[in-house]
Amino acid sequence: AQTNGLQNLRADTVEFLYGPSQTPGSALPLVEFPCGSWNATLCEQLEPVMKPGASFFRLISSNYIAEDVYAGQFNFDWRVPTYDAPAWNVWGTIVWNDWKPITGENVWAAIIGPLQYLIIRNQTLGAQDNSTAANLEWEEWGDVPPQIKLALTVLPALKALQSVEGALYHCPQGSQIFPADPDEATNVSNENNFSAYAALRMLAWAIKEFMVQDIPQLVDALNTLRELQSGLERWFRTYALGELEDGTKVFYQGGHVPFGGGFEPVDLEADAQGFAVDCQTWGSLVLTPQVVDQIGGEDGTALRLWNATKTRAGYFNPDGSLGGVGFAAATNSTNATAAEDTDKEVWSTEWTYGAIFAVRAMAEHYNATHPEWVLPLLRDIESMERSLVRYVEEGGMQLPEGGFLYANQRYFIPWGWFANPVGSLCGTSWHVFNRFHFNPFVPGGGLVDIPNWPPTVDDY
């Protein structure tokens, strides 16, 4: 992209180098792109468009320069707070967009979102026994639905970004992430890897369940998905969990995986990025508490992880009740003992709803094995839900018009963006998810029984 003009949506040029092979984006395998028209007849008449299967940019807009909707184009508060700014920075003129080919956003936008739309569109949700499985009428498109084709367009990038240890790298070299990382090519984020694991299993499940004939591009995709899933599972078993000083096992935020192998994690205690809330919650939700306990080597690993999250990054109401969570331990670590001073504590709608989903999964899991652990978990859920839906003027996060704030205050999140106390599509969407108990990491949100879910590597 160039200033004042949209030129490209993907990191498919020679400036972007992917994974251990450092493959240029322009040299990634060609894939067929879905037709850009809703007119099926027109799509049948058009020649397939083949382009490199590169990562999308995230947070794009029609122009490189975007204007602060509140304070205008050159509001100083929005400028990157450093004189050693990346080349793409134009001293504050970038507001809502940042043009980064980040792995996590790619799996959400190109796989999870489109597949959920495809599944929901074709599900029958009216069965009284809640047992109706998904029914995808692929014949409507002739061969492969456009949502599946879109998902397949990022597989070459994901395959190239897989490390020898199984983790997917955060982005290709050349992304110029912020805060700057001199070794960004080997940067890994567990949040990205949890999202990718859910997305890849969802894609494999959809292909296996509803492929009506052996279509070469889908058979090849399943082989790639098997490799990616197997590698991620090896990564989670070997490197995902670390230990706090008190011995509690929690998920690393990430770190670096050298191209030759090994893992150099971010320090869980000393680094502001070390303890990330969403890694604890999404990790528990995607892997399931049962698997977290297995990886941790003992029952209750997931429960203790959650208790550590509350202590280190919880947001507490003035009366001492749990309101939710922030983003990291760096700003919220005093919450458990300083609940009366909430002005200094960061509270996130999105990440609190993610916590609610994770704690709900823990309550369901431990109900069969440790029922004595369940009541405190249910109380946490109830307290967080009650706190969020209060109106802002009453100390909650709901706006009078019905939406939800993203955060309770402006805060620079250690991973490169600002949280702001403004109405948020993201935060509001997570409220809707929770309202219907729609788990975005499961096909159809888990609202109906899903056959053959989750797929295992042996199923391919």
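Taken together, the values in this text are just the output of simple stated rules run on the coordinates, not laboratory data. Owing to the predicted nature of the structure, the values given are computational and were not obtained by experimental measurement. Here the Cβ is made from the backbone with ideal geometry for all residues, glycine too, and neighbour counts use every protein chain on show.
Using per-residue counts of other Cβ atoms within 10 Å, averaged over each peptide, order 22-33, 106-117 from highest down.
Ranking, from highest mean packing down: 106-117, 22-33.
Give the distance, in whole Å, between the Cα centre of the range 213-260 and the Cα centre of the range 382-460.
24
Starting from the Cα of K100, draw a straight line to each of the lysines and keep only those under 25 Å, dropping any in the same chain fewer than 8 residues away.
The reachable lysines, counting only those whose Cα sits under 25 Å from K100, are K51, K149, K159.
Kindly rank 314-325, 226-237, 432-443 from highest to lowest mean number of other beta carbons found within 10 Å of each residue.
Per-residue mean Cβ counts within 10 Å order the peptides as 314-325, 226-237, 432-443.
Using 0.36 nm times the number of residues separating V392 and R234, minus their current alpha carbon distance, what extension gain do you get?
Contour length minus Cα-Cα distance gives 52.5 nm.
What ranking do 298-304, 375-381, 351-357 get when scored by the average of other Cβ atoms within 10 Å per residue, highest first?
Ranked from most to least packed, the peptides come out as 351-357, 298-304, 375-381.
Can you compute 3J(HN,Hα) from phi for each residue in the range 352-369, using the Karplus curve 6.51 cos²θ - 1.76 cosθ + 1.60 with θ = phi - 60°, rounded to whole Hz and x for Gly and Pro?
With coefficients 6.51, -1.76 and 1.60, one gets 5, 5, x, 5, 4, 4, 5, 5, 4, 5, 5, 4, 5, 5, 6, 4, 8, 10 Hz.
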